[in-house]
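Here, each number is a calculation from the coordinates, and none is a lab measurement. Predicted, not measured: the structure shown is a model, and the values here were computed from it. Cβ coordinates were reconstructed from backbone atoms using ideal geometry, including for glycine residues, and neighbour counts include every protein chain displayed.
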Amino acid sequence: VRAAVFASGTGSNFQAMMETENLACEITLLVCDKPGASVLEKAKRFNVPTIVFDPNMYSTKEEYELEVLHVLKEAKIDWIFLAGYMRIVGPTLLQAYDGKMMNIHPSLLPQFPGKDAIGQAFRAGVETTGVTVHYIDEGIDTGPIIDQVEIKVHKNDTKESLQKRIQEVEHQLYPAVINDVLSKGVKS
Ligand code: GRF
């Protein structure tokens, strides 16, 4: 099974997947929409080929998604894992990878979708937040939930300390869910 990771930023989840010894698929492509993002250095370190595109160079989402889709097909990619990919996926990719696209989000969805979910939870003063892995649909963090882990907010937490704990959970949960879904064909 061949998978592509889509990322826009740091790529710590990408790194966690690459460092998972028994991952049920091979990550053979990294797709990045931010020239200069540090995930690109990580891909180089792991010898994963990359495609980088700048959405500002295209007049529509369909235009760049068609180009990305072409590369995905050439590379025989079966699955797409979004990991800090800061764009809404459009119909072009959704139709081609229906049910074969997951995302990780740092909250207990449906609470706190969208940007800065950790900040949203922190400011709301919730006692419990968490991490969700879900399938992708046309909305923002609205697709069917595959798995969630709860994380307590401690009294003395800062946004940074909470974020650190959330990321540690993400790095365990995402590879585990990938393995579950790919081996058992789990679908919620
Ligand atoms: C993660 O917190 C993920 O849940 C969210 O974006 C962040 C990406 O972090 N969607 P990284 O680039 O994998 O370090």
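The C-alpha atoms of the chain define a longest principal axis, and helix 61-74 lies at about 70 degrees to it. Taken one residue at a time, the phi angles of segment 21-26 give Karplus couplings (6.51, -1.76, 1.60, θ = phi - 60°) of 5, 9, 4, 6, 8, 9 Hz. Gly and Pro are set to x. The base-10 log of I(q)/I(0) for segment 1-96, evaluated at q = 0.11, 0.14, 0.16 Å⁻¹, reads -0.28, -0.47, -0.61 [Debye formula, identical scatterers on Cα atoms, solvent excluded].
As a test of the formula, what do you get for the chain when each DSSP H run with n ≥ 4 contributes -39,500 (n - 2.57) and the sum is divided by the residue count, at 222 nm and rounded to the nearest 500 deg cm²/dmol?
Working: 6 runs with 68 residues, N = 188.
Rounded to the nearest 500, the figure is -11000 deg cm²/dmol.
Considering only the other residues whose Cβ falls under 12 Å of the Cβ of V133, what net charge follows from Lys and Arg at +1 and Asp and Glu at -1? Mind dumping the intermediate values first?
Working: positive: none; negative: D141, D147, E170, D180.
Net charge in that neighbourhood comes out at -4.
In the structure shown, the pairs K44/K152; K42/K184; K42/K76; K61/K164; K42/K100; K44/K73 are assessed against 27 Å; a Cα-Cα span above that value is assigned to K44/K152; K42/K184; K61/K164. Of the residues S183, S12, the one with the fewest other Cβ atoms within 10 Å heads the list, and the complete ranking is S183, S12. Stretching the chain fully between R87 and I145 yields a gain of 19.0 nm (0.36 nm per residue, less the alpha carbon separation).
Among the GluC sites (Glu not before Pro) within segment 66-163, those in coil by DSSP and having at most 13 neighbouring Cβ atoms inside 10 Å are E127, E138. Set the Cα radius of gyration of segment 2-184 against 2.2 N^0.38 Å, with N its number of residues, and you get 1.01.
Each part reduced to its alpha carbon centroid, segment 158-175 and segment 28-104 end up 23 Å apart.
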